[in-house]
2 protein chains.
Amino acid sequence: MTDDHNKPVTSFDVARRAGVSRSMVSRAFTEGANISEKSREKVLKAAEELGYRVNFLARGLQTRQSNLVGIVASSLDTPFRSRQVRIAAQEFISHGYRPILLTVEPGDDVGQWVSVMLNYNVAGVMVTSATPSPKIIQECRKLRMPLVLINRGKNQDIADTVQIDVQQAGELAFTMLTRSRAGRLAVVHPQIPSYSVTGRARAFIEKCRIENIEVDEFISTSQSYAAGYDIAGNIGLSLDHIDGVFCATDLLALGVMDRLRADWNTRFPDDLQVVGCDDIEQAGWGAYHLSTIRQDAEEQVLAAVTQMLERIENPDAPIQHYNQRLTPIFRKTTLSNYD
Amino acid sequence: MTDDHNKPVTSFDVARRAGVSRSMVSRAFTEGANISEKSREKVLKAAEELGYRVNFLARGLQTRQSNLVGIVASSLDTPFRSRQVRIAAQEFISHGYRPILLTVEPGDDVGQWVSVMLNYNVAGVMVTSATPSPKIIQECRKLRMPLVLINRGKNQDIADTVQIDVQQAGELAFTMLTRSRAGRLAVVHPQIPSYSVTGRARAFIEKCRIENIEVDEFISTSQSYAAGYDIAGNIGLSLDHIDGVFCATDLLALGVMDRLRADWNTRFPDDLQVVGCDDIEQAGWGAYHLSTIRQDAEEQVLAAVTQMLERIENPDAPIQHYNQRLTPIFRKTTLSNYD
DNA sequence: ATGAAAGCGCTAACAG
DNA sequence: CTGTTAGCGCTTTCAT
């Protein structure tokens, strides 16, 4: 090994050592290329010895397609989101794509990050965070860059989307809460509007209105556990006339429960029924046994990945919207189930 | 707009429309390049009109450096891991790097993924999952590819690492548990060995031995909540002669607590003291108030990113090991604190 | 089956 | 300050 130079080894080096042309080493690393088994082995051997690796970026430049995809996500350290991202990454990888992960912090402009992705020639980008501006969505469309939005509503029919059926979510929550005993309801949802979480709360309120049930509205500062814990300070004050509460997010529900237990010794479901939404892992933990509405992360992400793959395949296909159905999960914070 | 062809627009197109050379458009997009304000604006305008974006991959090919980095992580949907990854991604991004996220699934070969990163000319890779084989670590070193390992132990002094002080962790757990009343201890840790989690359990046991305190060992199937819940079935049987238990992971501790409460009506800390490790968000939740040993994810990841940046800067610097100190967090599952 | 040559989109070195 | 030239590492016609 005299050639331990610092220069990265290129196909040229391999070609020389194998005594063939650069084309041959390219072929040796290309599935189903026109090359004899003998030559291929010769090349592979030389490559091995030299520690050669195909430079995918250069390859992409030539073939005019990269197998990079973008994932832009916010609140990555939140149970539901991290689940989504894990599945998405895994799924992309299993399809031969490599995900670039761009995390959105509060105050960031999502569009900016989507825009950055464009610089990397990604095959497509999936966003599960705040909604990018119509402008950037337009730009993606113009550049024929596949873009799929998760739980951002059908954005003016301009991008592929996967979203939960917010209507169904609201109605499900209502039914779960009122099935056993009608009552005086409440809902807690975050102040900052967002398609899916504000949407389900709105739908719930609407349903109450239709059914002529009074509903108190509690606005939390965010959709976190801490926010639930905080707002529960107010809920506690209304405990005497509230039967059941729908928390727009499991995390919110968990915070609410802990605060109520701590300050008012509330028992669930006897003193208060509660229903969450998402079905994060913690909802099923023994300390909570939260009844909730399951939003199947796997189904959701798989649908999104499929949409993206299809659009990469056929950029001119009509826009798709996948409306995800929800499942009620009866655990121990509601009085009875449907049977 | 007659030129709405499908062809992606290149610097050549922009150059022509702006009436300058390709070099000029390159300069226009390069920080601190030698170009007049007037020309730059002309180029920028043309670029804007055409919807031009610099192709970073091509740029990287030329400048022989990409601003891509790799993150390989397992169990991404776990509280601590997702926190690490969020911080890492955020940190890399803020330094101008774009992280490619490769998730490791059980049974995967970590080395394979590190290897894949090499194809993308990443500036470096951070791994927080199972330990890659010495072989791949060697290869990275040979290719002068910066590699930093989090909580994988000092791998034969062959890669930069950041890890917790397992010794301190074990001793801290011991002290937290025995400070108020000496007793009969137990430890639960997963079967599958891993540097940091097995390490802290071993250190705890060792400390008990030195101090002449008996310690029961419970082996769980993994480090998850569910595994803790399961193994607590056995712990329950020994409840009469155990005072305190150290769970190698917060998640494990939470599972243990829930099971013990459900089946034996155990009260913490009165019936049993418990100490976890990591300090995930859930440890602080009202249903648990788990006393634990904090492993500061932010500090840890920042240290790792810094190591990597430094190595990119200077590939030949001596290997670094960052030994992270731990902090005891006294909540309500231990009897008293240090004061 | 193999090699020569052209070129993907970009930047850097060199003239002017 | 600007244009010309020469590649970065790779794949791909097109001949042979």
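The values are calculated or read from the model by the stated rules, or taken from the named source; none is laboratory data. None of the values given here were measured: they were computed from a predicted structure. Note that we place each Cβ from the backbone using ideal geometry, even for glycine, and neighbour counts take in every protein chain shown. Keep in mind that these areas ignore ligands, DNA and RNA; they rest on the heavy atoms of the full protein, side chains included. Shrake-Rupley method; radii C 1.70, N 1.55, O 1.52, S 1.80 Å.
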Of the beta bridges DSSP finds with both residues in the protein assembly as shown, what % are antiparallel, to the nearest 5?
10 percent
Using the Cα centre as the reference, give the magnitude of the dipole from point charges on the C-beta atoms of the stretch A:84-173 (Lys, Arg: +1; Asp, Glu: -1; all else neutral), rounded to the nearest 20 debye.
320 debye
Along Cα-to-Cβ, 7 Å out, sits the label point; list in nm, shortest first, how far the one on A:Gln62 is from those in the other copies.
2.0
Just read off the accessible area of B:Glu171 with the full protein assembly in place, 1.4 Å probe, to the nearest 10 Å².
70 Å²
Report the one residue of A:Phe204, A:Tyr225, A:Val275 whose Cα lies farthest in the direction of the positive end of the charge dipole of the stretch A:166-295 (charges on C-beta: Lys and Arg +1, Asp and Glu -1; origin at the Cα centre).
A:Phe204
Rounded to whole Å², per residue accessible area for the protein assembly as shown with a 1.4 Å probe reads 44 Å²
By what distance, in whole Å, do the Cα atoms of the stretch A:162-244 stretch along each of the three principal axes, largest value first?
36, 29, 17
Filter the cross-link list A:Lys42/B:Lys142; A:Lys154/B:Lys45; A:Lys45/B:Lys154; A:Lys7/B:Lys7; A:Lys154/B:Lys7 down to pairs whose alpha-carbon distance in this structure exceeds 25 Å.
A:Lys154/B:Lys45; A:Lys45/B:Lys154; A:Lys7/B:Lys7; A:Lys154/B:Lys7
Taking Cα pairs under 8 Å and at least six residues apart, what relative contact order does the stretch B:99-216 come out at, in percent?
19 percent
When the Cα centres of the stretch B:152-184 and the stretch A:162-205 are compared, how far apart do they sit, in Å?
46 Å
Between chains A and B, total accessible area buried, probe 1.4 Å, no ligands or nucleic acids, nearest 100 Å², roughly 4900 Å²
What area, in nm² and to one decimal, does the C-alpha convex hull of chain A cast on average over all directions?
22.7 nm²
Report, in debye and to the nearest 20, how large the dipole of the stretch A:158-207 comes out about its Cα centre when Lys and Arg carry +1 and Asp and Glu carry -1 on their Cβ.
360 debye
Quick one: compute a quarter of the convex hull surface over the Cα atoms of the stretch B:8-95 and quote it in nm².
7.7 nm²
Between B:Thr327 and the same site in the other copies, what are the distances in nm, shortest first, taking label points 7 Å from Cα along the C-beta direction?
4.1
Contact order relative to length for chain B, counting C-alpha pairs under 8 Å separated by 6 or more residues, stands in percent at 15 percent
Copies compared at B:Ser23 - label distances in nm, ascending, label defined 7 Å from Cα in the Cβ direction:
3.4
For the stretch B:166-295: relative contact order, % (alpha-carbon pairs under 8 angstrom, 6 or more apart)
25 percent
For the stretch B:197-339, give me the percentage of DSSP beta bridges that are antiparallel, rounded to the nearest 5 percent.
30 percent
Could you derive backbone 3J(HN,Hα) for the stretch A:235-246 from the dihedral phi with the Karplus parameters 6.51, -1.76 and 1.60 (θ = phi - 60°), listing whole Hz in sequence and x where the residue is Gly or Pro?
4, x, 5, 9, 4, 5, 10, 10, 8, x, 9, 9
The summed charge of the B:Thr292 Cβ neighbourhood (under 14 Å; Lys/Arg +1, Asp/Glu -1) stands at -1
Enumerate the whole-percent occupancy of each 10 Å bin, from 0 to the last occupied one, for all C-alpha pair distances of the protein assembly as shown.
3, 14, 21, 23, 20, 12, 6, 2, 0
Summed side-chain charge close to B:Lys42 - residues other than B:Lys42 whose Cβ falls under 13 Å, Lys, Arg +1, Asp, Glu -1
+2
Determine the distance separating the Cα centre of the stretch A:58-120 from the Cα centre of the stretch B:72-140; give it in Å without decimals.
14 Å
Once the convex hull of the alpha carbons of the stretch A:234-339 is built, what does its volume come to per residue, in cubic angstrom?
130 Å³
What is the distance in Å between the Cα centres of the stretch B:304-321 and the stretch A:224-295?
47 Å
Can you give me the % of accessible surface on chain A that is carbon or sulfur? Probe 1.4 Å, all protein chains present, nothing else counted.
46 percent
Please give the calculated 222 nm ellipticity per residue for the protein assembly as shown, where each DSSP H segment of at least 4 residues contributes -39500 (n - 2.57) and the sum is spread over every residue; nearest 500 deg cm²/dmol?
-13500 deg cm²/dmol
Share of alpha-carbon pairs per 10 Å distance bin for the stretch A:48-178, given as whole %:
11, 36, 31, 14, 5, 2, 0, 0
